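The values are calculated or read from the model by the stated rules, or taken from the named source; none is laboratory data. Note that the structure is a prediction, hence the values are computed from the model and not measured. Cβ atoms come from the backbone with ideal geometry, glycine included; neighbour counts cover every protein chain shown.
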Amino acid sequence: MNEQLKTDPTKPAQRMRAGGMTLSLAPWIIAAVAMMALPMIFTNNSALTIMNQMSITIIFALAYNMLLGQGGMLSFGHAVYAGVGGFFCMHLMNMSDFFATIPLPILPLFGGLFGMGLALIVGSFSTRSAGTVFAMISLGVGELIAASSVIVVAFFGGEEGISGDRTYAQPFFGVEFLQQIEVYYLTAAWVIISAALMYLWSRTPVGRMANAVRDNPERAEFLGYSARWVRYYSFVASGFFAGVSGGLFAINYEILTEENLNAASSGIILLVTFLGGVGFFFGPIIGAVVFTLVQTVLSLQTELWAFYAGCLFVATVMFFPGGLAGLIMMHVPAVKLGKWKLLIMPYIKTLIPAAIGILGLCALVEMTFHYRHGATGDNEMTLFWTTFDSHTLMPWLIAAAVTVIGIGIARMTAPSLKEAWDEANTMGGAS
Amino acid sequence: MSVPALELSGLKKSFGKAEIIRGIDLDIGKAERHAIIGPNGAGKSTLFNLITARFAPTAGTVKLHGENLAGLEPFQINRKGLSRSFQITNIFPKMSVFENVRCALLWAQGYKYSFWNLVSRQRALTEGADAILEEINLSARRDIPAGMLSYAEQRALEIGITIAGGANVIMLDEPTAGMSNTETDYIMDLIMRVTEGKTLIMVEHDMGVVFGLADRISVLVYGEIIATDTPERVRADPKVQEAYLGAALEAEH
């Protein structure tokens with residue numbers, strides 16, 4: 001210990017400060033450039049729609065993670081803050097005189113303010129404690145507001161919801177947001193700004209104390225901070241950014257319904273955030289991207305997409321509690337030791353058979369679904385670019401064999417993957 | 001005599017019918033090192049929790065620098081300059097060692113609930129936290145999660161967190177619990193250094209540990225203080241020998 005004492009304690013700090021400036025900006029610039037470039041690669045309108053949805057989900061998931069990951073508050077009703085922000089924006093859109101005086105790009109700011117307003121009220125009693133009490137209040141308040149959507153028809157528009165037209169806004173430097181691509185850039189700008197602000201928030205005193213309160217509320221109290229007030233600030237900030245995502249939803253879809261408020265939407269954002277990983281700031285971003293892809297691209301391929309999304313979620317919770325971000329960050333030690341190359345071959349040997357086996361299993365699931373639910377007489381089904389009769393034995397045998405062999409090989413090679421993993425994460429030795 | 005740093009009068013606490021603390025009067029002067037010792041179940045930790053408002057007293061008052069603390073929340077008491085550690089290690093396990101200490105500095109340096117300052121840009125904060133890490137010999141462990149520290153290191157960190165805010169009344173609840181002899185010596189030495197010039201109130205199970213450190217010792221037995229005096233006189237007190245040391249001796253054999 002004496003030897004270690006001689007190291008200058010200010011040095012790591014300087015290193016972090018100096019490195020922090022250059023390193024921490026790089027991902028933001030890359031993200032901004034990537035978001036600008038993406039529409040040039042994916043030019044069709046449906047891709048733009050998917051990317052807009054992704055962006056909105058990213059903001060919402062990051063806002064949600066301010067509670068779950070950073071503040072340790074599990075909410076089952078966070079959709080209402082996004083939804084209410086969105087509904088307010090919709091009403092603003094319909095106030096034609098007022099709406100004509102504001103440029104569309106600032107509309108999400110109003111969504112944020114209204115989401116924050118609701119969070120100010122609800123948070124005042126729900127953040128008294130974290131844990132089960134908070135979760136139950138969030139669920140109750142969420143259901144209450146979702147239920148009032150059919151009662152307070154003047155505001156929520158009943159079952160049809162509320163619709164509007166974004167193009168009535170004042171043109172923004174001549175842009176009227178008639179086209180999807182214009183909305184894309186508006187949304188992208190808000191994603192970058194919101195994500196940056198939420199990241200910076202996590203670096204402020206109140207953001208750091210949110211972590212402290214999450215880990216140990218009692219200790220935080222004995223450091224001069226009221227755990228309740230720290231939670232309240234996080235909650236209100238999260239409500240703001242949720243409201244921003246609601247405002248963007250209003251701009252993008254020009255309609256809001258009860259679906260934007262209900263428990264299913266609240267559940268999905270929990271799923272998205274957890275899938276991406278609550279332990280890292282960028283986790284929810286990955287979760288939003290992956291989930292939106294599953295929801296849009298996979299849903300075009302199969303009616304059972306929600307089943308697969310559910311399986312993915314359960315597998316994540318069971319095997320990778322750190323989510324996809326945790327899975328990525330698990331490899332950092334191996335990369336730092338310069339031994340990540342050791343992992344490539346074992347990964348190929350295990351993951352490719354495993355993927356084939358899982359696809360075989362999916363084929364069995366799809367065939368069962370088709371066998372049970374296909375129209376009578378319509379025995380033909382197409383799977384993996386092959387058309388066959390789901391009522392004959394052969395396809396079943398093939399799919400079962402692929403499943404068994406794929407998973408069998410993966411199980412056989414798994415021990416050597418584990419060995420390689422241990423080797424890659426051990427210091428020293430030949431590499 | 002000036003206003004005592006901490007003044008307890010008629011302090012009582014019952015849980016249901018069980019009286020745990022049965023009327024404690026105690027004055028602890030400024031910059032005094034005071035140890036509270038007593039056998040298991042004497043109510044030492046309960047007394048601590050009463051002073052720091054973790055529990056509300058059934059009767060009696062606690063005054064810090066002459067100011068009554070009744071009805072205040074723990075965080076408000078902390079802001080008045082009283083800081084405590086816990087018998088069971090109580091740190092932020094998932095945060096880095098450095099961050100643990102930095103969090104302890106935030107309120108003291110006036111950051112409150114601000115969201116317009118970036119903590120990494122505040123020199124005083126970084127330097128202050130690093131200075132404390134050096135004081136508690138954890139500089140080399142700066143960037144690892146606090147939960148990964150060894151037990152003795154976690155205890156040292158807890159003391160670091162407790163003193164970081166610059167409180168002038170420091171309360172330590174069995175800081176050497178579960179430690180080997182060398183570790184105990186190390187921690188006691190650390191406590192001596194970091195509480196220089198501050199009021200220290202320390203709960204200890206073992207009288208030997210506090211003997212060289214405390215200015216005065218109070219002996220707590222079954223919720224009552226049976227003696228408060230200098231270490232030598234407490235040790236010589238027949239009542240103490242009977243009630244506490246006798247029991248301790250018995251337990252040893």
Right, residue A:328: in a helix (DSSP H, G or I) and within 12 Å of the chain's Cα centre (by Cα) or not?
no
Quick one: in the stretch B:81-97, of everything that is over 20 Å from residue B:171 (Cα atoms) and facing chain A (nearest Cβ under 8 Å), which residue is surrounded by the most Cβ atoms within 10 Å (Cβ to Cβ)?
B:95
If I ask for residues that are part of a helix (DSSP H, G or I) and in contact with a strand residue (DSSP E or B) (Cβ under 6 Å, 6 or more places away or on another chain), which ones from the stretch A:370-416 would you list?
A:370, A:395
Just checking, which of A:316, A:350 is in a helix (DSSP H, G or I) and either surrounded by fewer than 17 Cβ atoms within 10 Å (Cβ to Cβ) or assigned by TED's automatic domain parsing to the domain that holds residue A:48 (or both)?
A:316
If I filter the stretch B:148-163 for residues that are in contact with a Leu (Cβ under 9 Å, 6 or more places away or on another chain), among the hydrophobic types (A, V, I, L, M, F, W, C), more than 9 Å from every other protein chain (Cβ to nearest Cβ) and farther than 19 Å from residue B:195 by Cβ, do I get at least one hit?
yes
Restricting attention to the stretch B:125-145, report how many residues are more than 8 Å from chain A (Cβ to nearest Cβ), surrounded by 15 or more Cβ atoms within 10 Å (Cβ to Cβ) and touching a Ser or Thr at 6+ places or on another chain (Cβ under 7 Å).
1
Within the stretch A:402-431, count every residue that is of a type outside the set (D, E, K, R), free of Cβ contacts under 8 Å to residues at least 24 places away in the same chain and loosely packed, with under 12 Cβ neighbours inside 10 Å.
4
Here's a check for you: in the stretch A:236-288, which residue that is among the β-branched types (Val, Ile, Thr) and farther than 20 Å from residue A:199 by Cβ is surrounded by the most Cβ atoms within 10 Å (Cβ to Cβ)?
A:251
Restrict the check to the stretch B:115-124 and report whether at least one residue is touching a Pro at 6+ places or on another chain (Cβ under 9 Å) and under 17 Å from residue A:215 (Cβ atoms).
yes
Could you tell me whether any residue of the stretch A:144-162 is of a type in the set (Gly, Ala, Ser) and under 24 Å from the mean Cα position of the chain (by Cα)?
yes
Part of a loop (DSSP other than H, G, I, E, B) and within 11 Å of another protein chain (Cβ to nearest Cβ): does that describe residue B:111?
yes
Test residue A:128 against the criterion of being surrounded by fewer than 20 Cβ atoms within 10 Å (Cβ to Cβ), out of contact with any Phe, Trp or Tyr (no Cβ under 9 Å at 6 or more places or on another chain), closer than 30 Å to residue B:101 by Cβ and within 14 Å of chain B (Cβ to nearest Cβ), and give yes or no.
no
Of all residues in the stretch B:180-224, which are over 18 Å from the mean Cα position of the chain (by Cα) and more than 21 Å from residue B:152 (Cβ to Cβ)?
B:221, B:222, B:223, B:224
Quick check, is residue B:52 polar (S, T, N, Q), within 14 Å of chain A (Cβ to nearest Cβ) and within 19 Å of the chain's Cα centre (by Cα)?
yes
May I ask you to verify whether residue B:66 is in contact (Cβ under 8 Å) with a residue 24 or more places away in the chain and surrounded by fewer than 18 Cβ atoms within 10 Å (Cβ to Cβ)?
yes
Which condition breaks for residue A:368 when tested against (1) at pLDDT below 90; (2) polar (S, T, N, Q); (3) not assigned by TED's automatic domain parsing to the domain that holds residue A:398?
(3)
Residue pairs qualifying under the 6 Å Cβ cut-off, at least six apart or on distinct chains, with the first in the stretch B:195-212 being under 15 Å from residue B:231 (Cβ atoms) and the second being surrounded by fewer than 22 Cβ atoms within 10 Å (Cβ to Cβ) and at pLDDT below 90, are B:211/B:231
Just checking, does the stretch A:253-265 include any residue being modelled with pLDDT under 95 and under 13 Å from the mean Cα position of the chain (by Cα)?
yes
Residue among A:101, A:43 that alone is in a loop (DSSP other than H, G, I, E, B), surrounded by fewer than 14 Cβ atoms within 10 Å (Cβ to Cβ) and touching a strand residue (DSSP E or B) at 6+ places or on another chain (Cβ under 7 Å)
A:101
Lone qualifier among A:111, A:77, A:115 - being touching a residue at least 12 places away in the same chain (Cβ under 8 Å), out of contact with any Cys (no Cβ under 8 Å at 6 or more places or on another chain) and either farther than 20 Å from residue A:257 by Cα or in a helix (DSSP H, G or I) (or both):
A:115
Being of a type in the set (Asp, Glu) and in contact with a helix residue (DSSP H, G or I) (Cβ under 6 Å, 6 or more places away or on another chain) is true for just one of B:196, B:174, B:224, B:183. Which residue is that?
B:183
Surrounded by 16 or more Cβ atoms within 10 Å (Cβ to Cβ), away from every other protein chain (no Cβ under 14 Å) and in contact with a strand residue (DSSP E or B) (Cβ under 9 Å, 6 or more places away or on another chain): does that describe residue A:186?
yes
Among the residues that make up the stretch B:55-71, is at least one of them among the aliphatic types (A, V, I, L, M) and under 16 Å from the mean Cα position of the chain (by Cα)?
yes
Pairs where the first residue, in the stretch A:15-39, is at pLDDT below 85 and the second is among the basic types (Lys, Arg) and surrounded by 10 or more Cβ atoms within 10 Å (Cβ to Cβ), C-beta under 7 Å, 6+ apart
none
Scan the stretch A:189-233 for residues that are more than 7 Å from chain B (Cβ to nearest Cβ), buried (at least 24 other Cβ atoms within 10 Å of the Cβ) and part of a loop (DSSP other than H, G, I, E, B) and report the count.
0
If I ask for residues that are of a type in the set (A, V, I, L, M, F, W, C) and facing chain A (nearest Cβ under 10 Å), which ones from the stretch B:66-80 would you list?
B:75, B:77
Being at negative phi and not in a strand (DSSP E or B): is that true of residue B:50 here?
yes
